[in-house]
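The values are calculated or read from the model by the stated rules, or taken from the named source; none is laboratory data. Please read all numbers here as calculations on a predicted model, not as lab measurements. Ideal geometry is used to build each Cβ from the backbone, glycine not excepted, and the neighbour counts take in all protein chains shown. All accessible areas refer to the heavy atoms of the entire protein, side chains included, with ligands and DNA or RNA removed. Shrake-Rupley method; radii C 1.70, N 1.55, O 1.52, S 1.80 Å.
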Amino acid sequence: MNTKADIPLLGRAVRHEWLLDADFVSVNHGSFGATPRAVLAAQQAWQHRMEAQPGRFFRSTLPEALRHAAERLAAFVGADGKDLAFVENATVGCNAVLRSLPFAAGDEIVVLTHGYGAVRNAVRYVAERAGGRMTEAAVPFPRPDTEAIVASVATALTPRTKLAVIDHITSGSALVLPLERIIAACHDAGVPVLVDGAHGPGQVTLDLRKLDADWYVGNCHKWLCAAKGSGFLWAAPERQAGLHPVTISHGFGGGFLAEFDWTGTRDCSAWLSVDAAIDFHARLGGAALRDRNMALAAEATALLARRLTSEQGATGDSAGAMGLVRLPLTGAATAARSEDVRARLLAAGTDAPTHVIDDALWLRLSAHAYNEIADYERLGEIVARVVREA
Ligand SMILES: Cc1ncc(COP(=O)(O)O)c(C=O)c1O
């Protein structure tokens, strides 16, 4: 456990570690992450090794380095390296699982109403091409309690349900879901669970062995600050047979790792940067950094809600390092309105995604190591002006 003395000074004091524009109010870590200079340097060092002797690199250096990076990441997420393969991103990882499963006519796949759009599309694609359908579990909003969420998923399961796809932390609504309880409810009904953990690694502490999911897909380029294109797919040992990458290549039939570790020539330096990203995360505090980011997000969300005289989203166990505030706009909350507000925020020097949820427009903020409360005071001024003018 970290003590206060272990936690380095954060916020403005560490912002130089990133390439972030000094005069831009960067409060949207959740969308694409931000990669620190040290991690980019590690990635570039791998690229130099690749280009110095491509033949040697791909034949002998890469296979070993990839497994080393996978072992390191597995230790970070509470898993075994042999059960974890790199993929480009969470979308690719979810597609690999969805496209490997043998769905049939009449089958149902449950997703959340707050599920990520790209993943919901992939679910619809595999369900409908088999003659099945995607069904939905409604996420209570804006401040759901654990029992209500678990009950909603349990109610959506039917004898035809073959899979549940559950977000660990929802995208637009920024809810940290009670995964262990949801997974247990699905397993009680005989339904396996694919967790879309795009926002998990580096935002919350993970222990995949304990979680008992069937598959967990995560991104390292978001909260762990690895280079872009560093996602992973973890599969329980009994779920690895028949699991294939979206691209079939030389490893076909050779088992989970053989199939995923080689899908053709590609730049794997983002995955190899994960080692440096874990070092960087640890240097800034590790678990203490994650706690601090969550505390900062809570403080920032409350500040913004007060500044806008509005309501905020989830608090407590349902909140992570992202927070939600309802924008006090008059008139209909439409997708076009949301786009307009987002464009105005960008033009005014900040970026925070806005989403229409249950007929209201909500703004999501993120808190990472380089943020401090002054960022959200500036955000509050900008948002208040945009709301007045929009
Ligand atoms: C819940 C969730 N799933 C999946 C994704 C997709 O991540 P990627 O674009 O890295 O595949 C996101 C991105 O924000 C997300 O929030």
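Screening region 1-108 for helices (runs of 4 or more DSSP H) wholly inside it with 1 or more residues that are away from the ligand (no atom under 16 Å from the Cβ) returns the ranges 37-52, 62-77, 90-100. Evaluate the following for ALA258: is it buried (at least 19 other Cβ atoms within 10 Å of the Cβ), modelled with pLDDT of 95 or more and not polar (S, T, N, Q)? Answer is no for this residue. Within region 150-167, residues that are under 11 Å from GLU136 (Cα atoms) reach partners that are open to solvent by 50 Å² or more (accessible area, probe 1.4 Å) and outside any strand (DSSP E or B) with beta carbons closer than 6 Å, at six or more positions or on different chains, in the pairs SER152/ALA138; LEU157/ALA189.
Total residues in region 224-240 satisfying the condition of being more than 20 Å from the chain's Cα centre (by Cα) and in contact (Cβ under 8 Å) with a residue 12 or more places away in the chain: the figure is 3.
Taken across region 177-192, residues that are without any contact (Cβ under 8 Å) to a residue 24 or more places away in the chain, under 26 Å from PHE260 (Cβ atoms), part of a helix (DSSP H, G or I) and within 13 Å of the ligand (Cβ to nearest atom) do not occur at all. Within region 269-282, the presence of a residue that is within 16 Å of the ligand (Cβ to nearest atom) and open to solvent by 20 Å² or more (accessible area, probe 1.4 Å) is excluded. Test PRO142 against the criterion of being in a loop (DSSP other than H, G, I, E, B), surrounded by fewer than 16 Cβ atoms within 10 Å (Cβ to Cβ) and either at pLDDT 95 or above or of a type in the set (Val, Ile, Thr) (or both), and give yes or no. So PRO142 does not fit the description; no. Scanning region 212-240 for residues that are open to solvent by less than 20 Å² (accessible area, probe 1.4 Å), outside any loop (DSSP other than H, G, I, E, B) and more than 16 Å from the ligand (Cβ to nearest atom) turns up just one, ALA235.
Residues in region 340-356 that are outside any helix (DSSP H, G or I) and β-branched (Val, Ile, Thr) were compared, and the one that is surrounded by the most Cβ atoms within 10 Å (Cβ to Cβ) is THR354.
For the condition within 16 Å of the ligand (Cβ to nearest atom) and surrounded by 23 or more Cβ atoms within 10 Å (Cβ to Cβ), GLY202 qualifies. Residues in region 115-136 that are outside any helix (DSSP H, G or I), within 16 Å of the ligand (Cβ to nearest atom) and without any contact (Cβ under 8 Å) to a residue 60 or more places away in the chain were compared, and the one that is least open to solvent (accessible area, probe 1.4 Å) is MET134. Within region 288-301, residues that are among the small types (Gly, Ala, Ser) have Cβ atoms under 8 Å from residues that are open to solvent by 10 Å² or more (accessible area, probe 1.4 Å) and not in a helix (DSSP H, G or I) in these pairs: ALA288/ASN2; ALA288/ILE7; ALA297/ALA319; ALA298/THR315; ALA298/ALA319, counting only partners at least 6 apart in sequence or on another chain.
Which of the numbered conditions does ARG49 fail, given that it passes all the others? Conditions: (1) among the basic types (Lys, Arg); (2) free of Cβ contacts under 8 Å to residues at least 24 places away in the same chain; (3) exposed (fewer than 15 other Cβ atoms within 10 Å of the Cβ). Only one criterion in (1) among the basic types (Lys, Arg); (2) free of Cβ contacts under 8 Å to residues at least 24 places away in the same chain; (3) exposed (fewer than 15 other Cβ atoms within 10 Å of the Cβ) is unmet by ARG49, namely (3). Report whether or not GLY30 is of a type outside the set (Phe, Trp, Tyr) and in contact with an Asp or Glu (Cβ under 6 Å, 6 or more places away or on another chain). So GLY30 fails the test.
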